[in-house]
Each structure stands twice: as structure tokens, then as C-alpha cells.
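Colleague: Would you mind keeping the following structure in view while I ask a few things?
Each reported figure results from applying straightforward, stated rules to the coordinates on display, with no laboratory input. Predicted, not measured: the structure shown is a model, and the values here were computed from it. Glycine gets a Cβ as well: all are built from the backbone with ideal geometry, and neighbour counts include every protein chain shown.
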Amino acid sequence: MTKYIKITILSVVSSILFLACTKDLDQTPINKDSFTELEVFKTKTEAKGALAKIYAALALTGQQGPAGDGDIQNFDEGFSQFTRLQFTMQEASTDHAVFGWGDQGLPDFHAMNWTSSNMFSEGMYYRLAQEVSFTNSFITNAEKLADDEDIQLYIAEARFLRAYAYYNLLDLYANIPLATKVQTTLPEASNRTEVFNFVESELIAIESLLATSKSNEYGRVDETAAHALLSRLYLNAEVYTGTARYDDCITYASKVINSAYIINTNDGNNSGSAYDELFLADNNTNGAQNEFIYAMNFDGNHSQTWGGSTFLVHASVGGKIMNPSDFGIDGGWAGLRTTKALVSKFTATDNDTDGNPIKWADKRAMFHVEGQNIDITDIGTFEDGYAVTKFKNIDINGNPGVDPAKQMVDTDIPVIRVAEIYLNYAEAVARGGAGGSEAEAVGLINQLRERAFGNANGNIDADELTLDFILDERSRELYWEGFRRTDLVRYGQFTTADYLWPFKGNAINGTSVGNHRNVFPIPANVLLVNPNLTQNSGY
């Protein structure tokens with residue numbers, strides 16, 4: 001799939017679905033290199049280019065990259081890229097990460113005191129709203145073309161991307177507008193159950209219309225992506241609707257488990273684990289791609305952004321000891337570290353003279369400890385907190401990515417991978433879902449742990465397959481991949497005193513916060529524009 005295509009679709013400018021639409025948008029572009037909708041949808045070749053744009057709208061931020069011609073006005077392109085915002089809201093609000101930067105609104109996430117004016121939460125709302133607008137426009141226009149098999153496939157993929165955007169809006173903001181057409185009137189709010197039902201029905205409707213498992217181009221979705229997202233949706237159904245759907249989670253997780261995708265077991269760099277290859281610059285070819293059901297594609301020359309994996313790699317490097325060249329970059333931004341709570345999820349095999357862990361048999365414990373303090377006293381000091389080395393801009397042979405300046409990173413970011421679905425299945429079984437097998441759940445967990453340990457030393461038996469163990473295993477397997485907040489909400493631990501971590505609620509040892517923070521507020525600016533919407537309780 002083309003990594004970056006310069007197409008401007010004039011009728012779907014920046015989030016009109018969720019805000020408003022005016023006739024002023026109905027204009028001929030000044031830029032002669034831009035396309036109008038009539039040109040974009042003349043043939044299926046042009047339509048495929050438009051499809052590339054709606055894929056790219058989640059990975060990138062504008063028309064030229066990495067900045068300077070953004071899709072959303074008045075927002076920093078680097079800060080407002082989707083996976084960077086996802087990290088901020090899903091990981092930095094938990095025990096998995098802290099930011100060392102003091103940009104306005106950023107410390108609110110580990111302090112858990114964000115407001116409806118927080119620019120990062122607002123940016124995510126607009127980014128997802130933009131994706132809904134892009135997909136709505138694409139679907140409407142593509143349907144006008146002849147009944148071509150390829151066009152029908154493109155439409156199904158666009159419907160998946162719209163469902164994925166709505167899933168995130170449902171998870172983060174709860175009660176949001178639901179519309180499937182670009183419209184000129186202000187939309188009404190839908191409740192969380194209505195949005196859940198829409199996402200569910202869309203994914204079920206398109207599963208037979210999408211390409212068969214692993215038959216599409218890398219970076220484009222297929223039927224397994226629909227099954228996997230349904231598994232994720234059903235795992236969280238009780239939070240979203242009040243009704244548990246663990247049976248359905250097992251059903252769709254099983255479809256993924258029996259699909260053409262497999263966990264990566266290729267240890268091409270002889271590190272003793274194939275886990276690290278999932279997060280290297282050549283993860284589109286080194287074997288990791290067999291595990292990636294849906295990934296955001298990045299290329300240091302052709303898909304440039306200050307978000308994405310460029311953010312994850314650069315922001316994780318800093319201090320006096322870490323060498324940027326080991327990560328394939330020109331320098332670190334000294335921003336991201338993790339808390340002691342994540343580190344303690346892994347059993348140490350060696351400690352320093354102060355008793356702090358420095359080595360682990362589990363290769364998923366990817367921490368830089370030299371020159372770092374395990375305890376965080378000052379969030380603004382990079383050396384407080386272990387650094388995370390999970391994402392790198394080098395290939396399995398240690399060669400850096402393609403950008404000769406070593407600024408832009410090649411590493412693709414997995415959005416859905418097989419390991420998550422193994423864990424979904426195991427948790428649904430542990431929660432009493434029908435149609436699954438405890439023995440299979442244990443076997444799936446042990447596949448992940450054998451990859452992590454390089455042997456069977458970390459394997460568990462059925463007695464150890466508890467909900468608490470699974471939550472910790474999700475932390476060990478999926479940290480920094482955008483799941484942690486959702487997981488803690490599902491377990492009732494995100495806001496409560498049942499589980500505390502450093503600086504939760506802005507207390508050095510952690511404290512509980514109001515339960516209303518299980519969802520984010522509707523942005524204040526959105527409420528000003530659309531009086532049909534109601535603020536979430538507590539904000």
C-alpha cells in the first residue's frame with residue numbers, strides 16, 4: 001500500500017462530521033497538484049489512492065510531512081498524530097509511562113487531572129472525527145462507481161477504518177455523535193450502547209466482504225482484522241454496555257487463532273527472543289509481519305511524522321549513558337520512561353548493590369538501567385525511572401533505517417497483533433466465557449512465554465491462569481502498545497485505590513481519583529459548536 005499519497009478531498013476537511021459543515025468548503029482547490037472529489041473517483045485507480053489517504057490519516061498528519069500542511073488546523077502536527085496521542089492517553093495515564101516534558105496539558109495525564117480543555121484529548125477527538133469524515137466521504141463517493149469487485153473491497157476496508165475510529169471514540173469518550181454520511185446539520189449524541197452496536201454490526205457485515213486472511217497487501221486489513229477487533233470489542237462489552245459478551249469474545253478470538261496469522265518465532269538477530277523483532281525497523285519483512293493483523297506503516301523517507309515510531313524511539317532515549325546510534329537515530333528527546341510498577345511485573349534474575357533489578361530472564365523486559373534510577377522522584381528528570389528500549393530504528397542486523405539523517409524512523413507500529421488475541425481468549429475463558437478451553441488458554445499463554453524466555457522455564461499451569469495473572473501478562477506483553485488504560489478500566493483498577501502506581505493522581509506513591517476519569521471529557525470547544533452534545537458526568 002502506498003505509504004504516502006498527496007490527495008486533498010475538499011469536502012472532508014478536518015472533522016466536519018462532529019462539528020459543522022459550511023458551503024465555504026465547496027470550493028475548487030487553489031493548488032493545481034490537488035484533486036477534487038470528481039477527479040479522485042473517476043476510476044478505481046484514483047479511488048485506491050483515496051483509500052490510501054484514509055489509511056494514512058491515522059499514521060500521518062497532513063499533506064507534506066512531517067509538518068507544514070496539516071489536516072487539522074491549530075494543532076501541532078507532531079503532538080496530534082494518532083498513535084502518539086494514543087500513547088499519551090492510554091499509556092502515560094497509567095503505570096506504564098511518564099513524560100519528562102512540561103508542555104501545557106501533558107503532565108495532566110500521569111497526574112490524572114485533565115479537563116475538557118486539554119489540548120491532547122481534544123486533538124485525539126478531532127483526529128478520530130477526521131477519520132470518520134474521510135471514511136464517510138470515501139464510502140459515499142466510491143458507491144457511485146460501477147459495481148466493481150475491487151471497489152467493493154475498498155469500501156469494506158473504509159468501513160473497517162470507520163469502525164476502528166468509532167471503537168476508539170467509544171472507548172475514550174463514551175457518548176459521541178454517530179453518523180455515516182457527511183452532513184450539514186449538527187449531529188445528535190448517541191449513547192455508548194448505540195455506538196457499540198454500530199461498531200459490532202459494521203464489523204459483522206464486512207467480515208465476508210474483506211479479503212481472506214492474510215491475502216491483502218501488507219498494511220491493509222482483511223477479514224481477520226474484523227474478527228480481531230470484534231474480539232477486542234466483546235472483551236470490553238461489559239464496560240461499554242453493562243452486558244458481558246465473553247462467549248462472543250472467545251468465538252471471534254478463535255477465528256483469529258485459526259487464521260493465517262501466527263506469532264513471530266523468528267529470532268533473526270540471535271537475541272534469544274523473537275519478541276524484539278516485532279519493534280525493529282524491518283518489522284514489515286523480518287517475520288513480525290506474520291503476527292501483525294493491522295499495523296501503521298512508517299518509512300523514514302516517504303512517510304514522515306514527528307509522531308508514530310519516530311516519537312516512540314526518539315522520546316525514549318536520553319540521559320548520559322544511552323547511545324542514540326544503538327537505536328538508529330541522531331539523538332534522543334529525553335522524554336519517556338516507565339515506572340517501578342511496570343518493572344516489578346517482571347521477575348529479576350539479578351539486582352544491583354541497592355537491590356534494584358537489572359537483569360531478567362523474560363526478554364520482554366526491555367529496560368535501560370545504567371545511569372537510571374528505578375524510583376521517580378522528579379518526573380522532569382530523565383534519569384528518574386528506567387528507560388524503555390522496546391522500539392528501535394535498526395533492523396535485525398543492527399543497520400539503521402533509511403533516513404540518512406537518522407531523524408525519521410522506519411519501524412511500523414502494530415495496532416492489532418496475534419499475541420493480543422491469545423490474551424483476549426485466555427481472559428474471556430478465565431471470566432467464564434463459554435465455548436473456550438482452559439487447556440487451550442494455558443497453551444496460548446505458554447506460547448507467548450516460551451517466546452519470551454526462549455524455553456519452557458516461564459510456563460504456567462492451569463492453577464496459575466487467574467485474572468490477576470492475565471492482567472499482568474497483558475502488561476508484560478503489550479506495554480507501550482496502547483492497551484493499558486482500557487485494561488485497567490476493565491479490571492476496575494484505573495481510578496480506584498485497588499491498584500496504585502507512582503504519581504497516579506499526582507501523588508508520589510499514587511492515590512485514587514474520581515471514577516468519572518474512566519472516560520475522557522468531550523472537548524469544551526466541541527460542546528461550544530454543537531449544543532446537541534452533553535458533557536460526560538463529572539467534568
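Colleague: With everything on Cα atoms, drop me the angle between helix 438-453 and the longest principal axis of the chain, reported from 0 to 90° to the nearest 10.
Modeller: Roughly 70 degrees, rounded to the nearest 10.
Colleague: Using a simple spin-label model with points 7 Å from Cα along the Cα→Cβ vector, what separation in nm is obtained for THR353 and LYS144?
Modeller: 7.5 nm
Colleague: While we're here: Could you work out how far helix 149-173 tilts from the main Cα principal axis of the chain, as a 0 to 90 degree angle to the nearest 10?
Modeller: Approximately 60 degrees, to the nearest ten.
Colleague: Still on this structure, I have one more. Any of LYS48/LYS392; LYS320/LYS345; LYS320/LYS363; LYS44/LYS390; LYS363/LYS406; LYS53/LYS214 with alpha carbons more than 28 Å apart? Name them for me.
Modeller: Beyond 28 Å between Cα atoms: LYS48/LYS392; LYS44/LYS390.
Colleague: I need to check one value: relative contact order of the chain, counting alpha carbon pairs closer than 8 Å and at least 6 residues apart, in percent.
Modeller: 19 percent
Colleague: In which sequence would SER512, SER475 go, from the one with the fewest C-beta neighbours within 10 Å to the one with the most?
Modeller: The order, fewest Cβ neighbours first, is SER512, SER475.
Colleague: State, as an integer percentage, the relative contact order of the range 298-411 based on alpha-carbon contacts under 8 Å between residues 6 or more apart.
Modeller: That works out to 35 percent.
Colleague: For a quick protection proxy, order the peptides 123-130, 147-154 by their average other-Cβ count within 10 Å, most packed first.
Modeller: 123-130, 147-154
Colleague: Sort the following peptides by mean Cβ neighbour count (other Cβ atoms within 10 Å, averaged over residues), highest first: 480-489, 209-218, 362-371.
Modeller: In descending order of packing, they fall as 480-489, 362-371, 209-218.
Colleague: What order do you get for 529-536, 41-48, 340-347 when each peptide is scored by the mean count of other beta carbon atoms within 10 Å, highest first?
Modeller: 340-347, 41-48, 529-536
Colleague: When only C-alpha pairs under 8 Å and at least 6 residues apart count, what is the relative contact order of the range 419-539, in percent?
Modeller: Relative contact order, the range 419-539: 14 percent.
Colleague: Kindly express, to the nearest 10 degrees and within the range 0 to 90, the angle between helix 192-206's C-alpha long axis and the longest C-alpha principal axis of the chain.
Modeller: So the helix axis and the longest Cα principal axis differ by about 80 degrees.
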